[in-house]
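Report on the following structure.
The values are calculated or read from the model by the stated rules, or taken from the named source; none is laboratory data. Everything numeric in this text was worked out from a predicted model, so none of it was measured. Cβ sites come from the backbone with ideal geometry, for glycine too, and all protein chains shown count toward neighbours. Ligands, DNA and RNA are excluded from the accessible area calculation, which covers all protein heavy atoms including side chains. Shrake-Rupley method; radii C 1.70, N 1.55, O 1.52, S 1.80 Å.
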Amino acid sequence: MQDVPWLEWVRGSMKVRQSMVVQYVTACTAVCLAVAAGVASFPRAAQQATVRLFDSFADVAGPGEASGQVALVEVDEASLAQFGRWPWPRARVAQLIHTLAAAGAAAVALDFVFPEPDGQESDAPLTAALAAVPVTLGHWFRFDGKPALAGGCVVGGQAPASGGASNVQSSGAVPEAMSVVCSAPAIERAAAAHGFLNVTLDPDGVVRRAPLGIRFRDQMDFGLGIAALQLYQAKASQSAAVVRAPAGEWMLRFRDAEPGLPRSGLPHYSAGRLMRDATAEPDLRGKLVVVGTFAGGLAAPLSSGGRVLGTAVVHATVADNLLAGDFFQVAESGGLAAGALMLLVWLITPQLYARYRIFTASAACVGIAVLLWAGSLALLLQGGVFVTPLYATLAIAGSSSACAALKLRWVRQRNQASLHQVASAKHFILNALALLTTMRDPETGDHLQRIERYMRVLCRALSHDPKYTGVMSEETIRLMVQLAPIHDVGKVGVPDHILRKAGSLTAEELLVIRQHVVFGRDVLQKASDRSGLNDETFFRTAYELVYSHHERWDGRGYPQGLSGEGIPLAARLMAVADVYDALVSKRVYKEAFSHQEAVRIITAESARHFDPDVVQAFLRAEAEFRRIRAESAEGTSPRGYPASAAGAA
């Protein structure tokens, strides 16, 4: 059973679509692999882009709410002015610890070390204060191989729940310390807890991540903030503390503060003012107090979100974030999530471009990208988890661009094929229309073929005239040549006894045959009205060729008696080509004129029958006319022209 045409068309369309889907999938695969390769090849740049994006999202999320259980005490400029330069004597530090305890502090964390002997008095006052008040001491890890300044350091703390040693190791960011700097042995032993003071800097020098753990001599040690929080919670509950820390990378959420100040938005008090009159400051009852040096030149300047921080602020923020349960995470499966998003892009983008137009598919891809960014931001705002949409967005942009380029190429090819089909259809219809004349007048067939060739040669010759360079474009020439064969289509309306008459025509018959231009005009006008085609240039050129090719330069032609440049250019060109062919063709009542005689007659009729410019173009191309005439096997010419052009019908 033979398939019907529409079924064949459907099958062909399906094959084309399948082929396009394969191309789209190939392009998307290449783009996704390129993005993955780029991230793998330039990890530093990828990380930098990710953290910058995180900064932007964090700014949108805002600082969040503080726990209200952590405070900062500053050894600031006022404190140094009142109690002398830093470092203070150990007894002064002990006084500060007792003052904080008297103000109600539940636990204290000191963001400095006492590695060297005091030089002024014994360490007894400080060790006594440390024994009386729950204090967490800090120590510094070194990674440069230099020896420690003190021995007897207490290293290794309790791992936070849900974020312990194994979790820290899984982040891939656990450094191995070479040595440690801590306080004198007696002071170390007197403290209730210990934690390192080191902070984590991103490659751009900005503090974003919580300093969770450092490995030293096969032991995992934890930061001052975590160690102090464990001690604080243990004292509050009178039992072992369980600090709930997030899994994966943990990004600090600094509280509101004025840019440029060496503190976060946590409550902060001057150590000097507290020691002078503790009752003048708000009480610190039940709070974890982190003490740090904030005076100019004492605090190491750290940057985060426009803030200048000391290490005390970082560790206080760690404790505050954990107490408030308010922190940002980079999920452990963030890489898998980014890969899954890229896989989603790989699956969706080819289908969009295969099913929809370029604009619709591109708009859908933009919508998907917007949803990815909105979803990522919502996940951070609602769940505190950051999954970067950056790589998936790059995959969408690249895949969409590649698919759009492929589809645009395919659309252009399809349009070109359609235009070729339209042009072929036009050519077919024009030939069919021209051949209608040959059914009524068999002598016309070869004449139409020659006319088309004569018009091409004549148009190109005229295009070299500076006067017509801008008029005779390639498209104009192509159109005139294409329409030339239908110039006598109106002859289908002339009666056979006149059209095929062997002898000379009477005056009445001559009037009838001259009506063929009117018949042709009417046919074209009706065809234009009924077709609905919006091709004004095509129909105007056809109209001029059919209706005006018997006009004369001197105004004695028909049907309108136009003269000079009032005659359309296409008709002026057709007049020369048509008369030349009539002159060199044999008729029933005359022999064919020679090429030289035809050239002489046309030259003589310049500025009378013919446009002088067209005649000059004809003379420049007469050798081509001669060649075309010699190649033709035509024996007779069509009815319509007498032996002399001067007396043409």
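Numbers for the structure displayed
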quantity	calculated
Label point distance in nm, LEU510-ASN415, each placed 7 Å from Cα along Cα→Cβ	5.3
Qualifying GluC sites (Glu not before Pro) for segment 47-117 [loop in DSSP, other Cβ within 10 Å: at most 14]	GLU65
Shape box of segment 182-230 [Cα atoms, principal axes, largest first, Å]	39, 23, 19
Accessible area of segment 36-114 divided out per residue, in Å², using a probe of 1.4 angstrom	43
Simple Cβ-charge dipole of segment 316-417, Lys/Arg +1 and Asp/Glu -1, about Cα centre, in debye nearest 20	1040
Sparse-neighbour loop sites [chymotrypsin sites (Phe, Trp or Tyr not before Pro); segment 564-621; at most 14 other C-beta within 10 Å; DSSP]	TYR589
Dipole moment magnitude, nearest 20 debye, segment 525-613 about Cα centre, only Lys, Arg, Asp, Glu C-beta charged	360
Loop trypsin sites (Lys or Arg not before Pro), segment 81-114, which have at most 16 other Cβ atoms in a 10 Å radius of their Cβ (DSSP)	ARG85
FRET E, pair PHE359, GLU176, Förster distance 41 Å, beta-carbon r, rounded to 0.05	0.15
Accessible carbon and sulfur surface of segment 511-561 relative to its total accessible area, %, 1.4 Å	46
Net +/- balance of residues flanking ALA484 in space, Cβ distance below 12 Å, scoring K and R +1, D and E -1	-1
Accessible surface of segment 31-143 [probe 1.4 Å, protein heavy atoms]: carbon and sulfur percent	57
Solvent-accessible surface (1.4 angstrom probe) belonging to LYS287, in square angstrom, nearest 10	40
Span from the segment 84-137 Cα centroid across to the segment 587-631 one, whole angstrom	120
Segment 563-604 shape via C-alpha gyration tensor axes, a/c threshold 1.5	prolate
Residues of segment 454-491 with amide N under 13 Å of a point placed 7 Å along Cα→Cβ from GLN616	462-469
